[in-house]
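What follows is calculated from the coordinates using simple rules that are stated; it is not laboratory data. Remember, it's a predicted structure, so these values are computed and weren't measured experimentally. Counting neighbours? That spans all protein chains shown, and the Cβs are built from the backbone with ideal geometry, glycine included.
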């Protein structure tokens, strides 16, 4: 899913926001804004509101960045593109949602 193959994502399960902004080369306030705009982007949060992102979250962020900055989509256009059932990103989004629901079950138990 990552368009720029030169991006090296470390091999770990969770990333803090400061790591994600460095990997994706975006600002933290942009990342937080995108979380509000894109429903599929929902990092796990813990005490104190700390956000933890997975590699799939980072892949989605890189796709969003590409749609907005390289392909010229508006926010609404990118949202529509990501929500299309025939979009190649839909299986990834559904998998992210499934995994987040599983994490939520574990956290509740």
In a GNM of the chain with a 10 Å cut-off on Cα contacts, which of 38, 98, 15 has the highest mean-square fluctuation?
98
Going from the fewest other Cβ atoms within 10 Å to the most, one would list 55, 22 as 22, 55
Please check which bits of region 55-70 a label hung off residue 45 would reach, taking the label as a point 7 Å along Cα-to-C-beta and the cut-off as backbone N under 16 Å.
none
When the helix-only estimate is applied to the chain (DSSP H runs of n ≥ 4, each -39,500 (n - 2.57), divided by the residue count), what is the mean residue ellipticity at 222 nm, nearest 500 deg cm²/dmol?
-16000 deg cm²/dmol
Could you give the angle, 0 to 90 degrees to the nearest 10, between helix 28-37's Cα long axis and the longest principal axis of the Cα atoms of the chain?
80 degrees
If one takes the longest principal axis of the Cα atoms in the chain, at what angle in degrees, from 0 to 90 and to the nearest 10, does the Cα axis of helix 55-65 lie?
30 degrees
For residue 32 and residue 76, what is the calculated FRET efficiency with R₀ set at 25 Å and r taken between the beta-carbons, to the nearest 0.05?
0.85
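Please state the shape class of region 15-108: rounded when a/c is under 1.5, otherwise prolate if a/b exceeds b/c and oblate if not, all from the C-alpha gyration tensor. If you can, show how the numbers build up before the last one.
On the way: a/c = 2.07, a/b = 1.24, b/c = 1.67.
Note, shape of region 15-108 comes out oblate.
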Counting alpha carbon pairs within less than 8 Å and at least 6 residues apart, what relative contact order, in whole percent, applies to the chain?
26 percent
